[in-house]
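Engineer: Quick one: the structure is below, and I'll ask about it shortly.
The values are calculated or read from the model by the stated rules, or taken from the named source; none is laboratory data. If you're wondering where the values come from, they're calculated on a predicted model, not measured in any experiment. Neighbour counts are summed over all protein chains in view; Cβ atoms, including those assigned to glycine, are modelled from backbone coordinates with ideal geometry.
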Amino acid sequence: MKPVKLLTGFLVLTSAAIISCNGKSSPKDLIVNKWKITDISGKGVEGMPDSAKTKIYESATMEFMKDGKFVTSDMGNGVKKGTYSIINDGKTLVSTDEGAASSDSLQLVEITKDKMVVNDTKSEVKITFGHK
């Protein structure tokens, strides 16, 4: 009877390990959500007063939909809509605002189900997002 319990326990653990490994999501899956800015840092925002940062933290959101569209709200420009894609094996986030002639690219530093960190290499700003 004891070997049966050991074998059953082993199978349960092995199954759980396989399921958890297969359950890892790609950046394309993880980005689909409504995000809010939780931190801004870098050379491009050195002189920004804390009160301005707090206003951004409280009001700015970015939502990515599964169909490749996004909506941003209250980042100083009202609501913006556009399209996005993740390229370079999940290392680059490319977005294009509706009506814009060109795209913007951000380095996707980290993305988990609860956190996203991007670098804007042009303005030298690092932005951290959490869930709204």
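Engineer: Can you give me the number of residues within region 84-115 that are in a strand (DSSP E or B) and either over 15 Å from the mean Cα position of the chain (by Cα) or not charged (D, E, K, R) (or both)?
Structural biologist: Residues meeting the conditions: 17.
Engineer: Something else now. Are any residues in region 7-53 surrounded by 10 or more Cβ atoms within 10 Å (Cβ to Cβ) and at pLDDT below 50, and if so, which ones?
Structural biologist: Matches in region 7-53: Leu7, Thr8, Gly9, Phe10, Leu11, Val12, Leu13, Thr14, Ser15, Ala16, Ala17, Ile18.
Engineer: While we're looking at this one, here's another question. Of all residues in region 80-113, how many are at positive phi and touching a helix residue (DSSP H, G or I) at 6+ places or on another chain (Cβ under 6 Å)?
Structural biologist: Going through region 80-113 one residue at a time, the tally reaches 1.
Engineer: From Lys53, Lys81, grab the single residue that is part of a helix (DSSP H, G or I), in contact with a strand residue (DSSP E or B) (Cβ under 7 Å, 6 or more places away or on another chain) and either closer than 19 Å to Val125 by Cα or not aromatic (Phe, Trp, Tyr) (or both).
Structural biologist: Going through Lys53, Lys81 in turn, the sole match is Lys53.
Engineer: Something else now. Given the structure, is Lys113 among the charged types (D, E, K, R) and surrounded by 14 or more Cβ atoms within 10 Å (Cβ to Cβ)? Please lay out each step first, then the result.
Structural biologist: Values: among the charged types (D, E, K, R): yes; surrounded by 14 or more Cβ atoms within 10 Å (Cβ to Cβ): no.
Judged against the criteria, Lys113 is not a match.
Engineer: Report every pair of residues separated by at least 6 positions or lying on different chains whose Cβ atoms are under 8 Å apart, first residue within region 27-50 and closer than 10 Å to Met116 by Cα, second β-branched (Val, Ile, Thr) and part of a helix (DSSP H, G or I).
Structural biologist: Ile37/Ile56
Engineer: Which count do you get for residues in region 57-71 that are over 13 Å from the mean Cα position of the chain (by Cα) and either touching a residue at least 40 places away in the same chain (Cβ under 8 Å) or not in a loop (DSSP other than H, G, I, E, B) (or both)?
Structural biologist: The qualifying residues number 5.
Engineer: Of all residues in region 116-131, which are surrounded by 13 or more Cβ atoms within 10 Å (Cβ to Cβ) and assigned to a loop (DSSP other than H, G, I, E, B)?
Structural biologist: Glu124
Engineer: Please state which one of Thr92, Thr83, Thr121 is under 21 Å from Gly42 (Cα atoms) and at pLDDT 95 or above.
Structural biologist: That would be Thr92, the only listed residue that is under 21 Å from Gly42 (Cα atoms) and at pLDDT 95 or above.
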